1. How many residues are open to solvent by 80 Å² or more (accessible area, probe 1.4 Å), modelled with pLDDT of 85 or more and among the aromatic types (Phe, Trp, Tyr) when one looks only at region 45-85?
2. Return yes or no: is Leu37 at pLDDT below 95 and among the hydrophobic types (A, V, I, L, M, F, W, C)?
3. Any idea how many residues of region 154-168 are closer than 18 Å to Ile209 by Cβ and either of a type outside the set (S, T, N, Q) or touching a Ser or Thr at 6+ places or on another chain (Cβ under 9 Å) (or both)?
4. Tell me whether region 249-256 contains one or more residues that are in contact with a helix residue (DSSP H, G or I) (Cβ under 7 Å, 6 or more places away or on another chain), part of a helix (DSSP H, G or I) and modelled with pLDDT under 90.
5. Suppose the filter is touching a Phe, Trp or Tyr at 6+ places or on another chain (Cβ under 7 Å), in a helix (DSSP H, G or I) and under 30 Å from Gly102 (Cα atoms); does Leu167 pass it?
6. Mind listing whichever residues of region 1-44 are over 18 Å from Ser121 (Cβ atoms), part of a helix (DSSP H, G or I), aliphatic (A, V, I, L, M) and open to solvent by 80 Å² or more (accessible area, probe 1.4 Å)?
7. Within the set of pairs 6+ apart or on separate chains, which have a first residue in region 291-307 that is crowded, with 19+ Cβ neighbours inside 10 Å, a second that is not in a helix (DSSP H, G or I), and C-beta atoms under 7 Å apart?
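The values are calculated or read from the model by the stated rules, or taken from the named source; none is laboratory data. Everything numeric in this text was worked out from a predicted model, so none of it was measured. A quick note on method: Cβ atoms are made from the backbone with ideal geometry, for glycine too, and the neighbour counts reach across all protein chains shown. Just so you know, the surface numbers come from the protein's heavy atoms only, side chains and all, with ligands and any DNA or RNA stripped out. Shrake-Rupley method; radii C 1.70, N 1.55, O 1.52, S 1.80 Å.
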Amino acid sequence: MKGNSFNKILKLFDYFKIAFQLNLSNKQLYKPQIIFLVIRGILIIASAFTLLSIGDKMIHLTTMDFERFTSLFWSEFRGIPSLLVVLTLLVMIFGSTYVESGLYHMFYKAYKGKLTAGDFSTGAGTYFFKFLGGNILIIFFWLLALIPYFITGILTLTVGFTLIPILVSTFLLVWKASLVSDGTTLGGAFKNSYRFAKANFIPTMSFVIIRNAMTSIASGGGGGGGGGGGSSNIPQTTNNTNNIIQDMPSDFSSQDFPFLNDFFNYDVLKLFVIGITTLITVGTIITGLIQMLFNIFFGLTTIVLYNEGWHIEEAVYDDLPTQEIQNEGVQS
């Protein structure tokens, strides 16, 4: 049994080779995700600029009551600005699932050697709601398991915080691959994923660990620990600031500190927000492009290992060629 699991882990590297070759020979797999990242970035920047333009018109209206202010804001926001913001939110919430559903269909077609130009739209139209429903079920599962998860993590001295997500990912690894490969229902896909992981537990978990490690490096997940110490000082700093404000005399005026007027100038603040928004959006696109490489590669690998089934060819000794031994005469 142990030897069979070890052979399957070695077989995983063969699947990596197949996925790599599929990746090289099907460059069109990158097109949907690149388009999605660019569209999302443009929408975010356009929404931010639209809200800032409304802010330009509303910033000086400080003498009216809240109801009047809200009415004027809505008169500016409704129409194209509201549609733009709603579209941006929809793309940010559902866009990744839409792209993923189309890509998985393309992965399967590429594995079968039948990838065509319309496979993305076909896959997205066929599997989007199934992928969305599956993701919602997984989120609902984690909400129900949240308290037991934290209790188990604490009782296991934080080991459970790492081990439990790996176990869950192991049993849910191939449900998306099952949907596009088998054409099954969502419930059937989850059952197939559980059976697949149960029959190939060690190699499947090994793949999950490798995938998580690589995607974590791509997303910069290792940098989280370094910032933890600085964040713990935030409450203390906030309290100190509140105390300073409370200690100020009631007739305090910003006129006594001219630099405050320059620092809090709205035009300066607007330029700062524009710059930060642009930098964050561009950074998100660059990070998304890096993650795209890993997502496509590991998505292809998942399709390959599910369809190959981790079958290990065993040697059949009856088929081995026989060697005839010929007796040579011994000369006396």
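1. Number of matching residues: 1.
2. Details: at pLDDT below 95: yes; among the hydrophobic types (A, V, I, L, M, F, W, C): yes.
Here the answer is yes, as Leu37 does meet what is asked.
3. At the first step, the residues of region 154-168 found to be closer than 18 Å to Ile209 by Cβ are 156, 158-168.
Going one step further and asking which of them are either of a type outside the set (S, T, N, Q) or touching a Ser or Thr at 6+ places or on another chain (Cβ under 9 Å) (or both), we end up with 159-161, 163-168.
So the count comes out to 9.
4. Looking only at region 249-256, we keep the residues that are in contact with a helix residue (DSSP H, G or I) (Cβ under 7 Å, 6 or more places away or on another chain), and these are 254.
So of that shortlist, the ones also part of a helix (DSSP H, G or I) come out as 254.
Now narrow it down to the ones that are modelled with pLDDT under 90: 254.
Yes, because at least one residue in region 249-256 is in contact with a helix residue (DSSP H, G or I) (Cβ under 7 Å, 6 or more places away or on another chain), part of a helix (DSSP H, G or I) and modelled with pLDDT under 90.
5. Working: touching a Phe, Trp or Tyr at 6+ places or on another chain (Cβ under 7 Å): no; in a helix (DSSP H, G or I): yes; under 30 Å from Gly102 (Cα atoms): yes.
In short, no.
6. Of everything in region 1-44, those that are over 18 Å from Ser121 (Cβ atoms), part of a helix (DSSP H, G or I), aliphatic (A, V, I, L, M) and open to solvent by 80 Å² or more (accessible area, probe 1.4 Å) turn out to be Leu10, Leu24, Ile42.
7. Here the result reads Thr302/Leu173; Thr302/Val174; Tyr306/Val174, each pair linking region 291-307 to a residue that is not in a helix (DSSP H, G or I).
Here is a yes/no grid of residues against (1) part of a helix (DSSP H, G or I); (2) in contact (Cβ under 8 Å) with a residue 12 or more places away in the chain:
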residue: Leu89; (1), (2): yes, no
residue: Tyr111; (1), (2): yes, yes
residue: Phe129; (1), (2): yes, no
residue: Gly153; (1), (2): yes, no
residue: Leu157; (1), (2): no, no
residue: Gly160; (1), (2): yes, no
residue: Leu163; (1), (2): yes, no
residue: Ser178; (1), (2): yes, yes
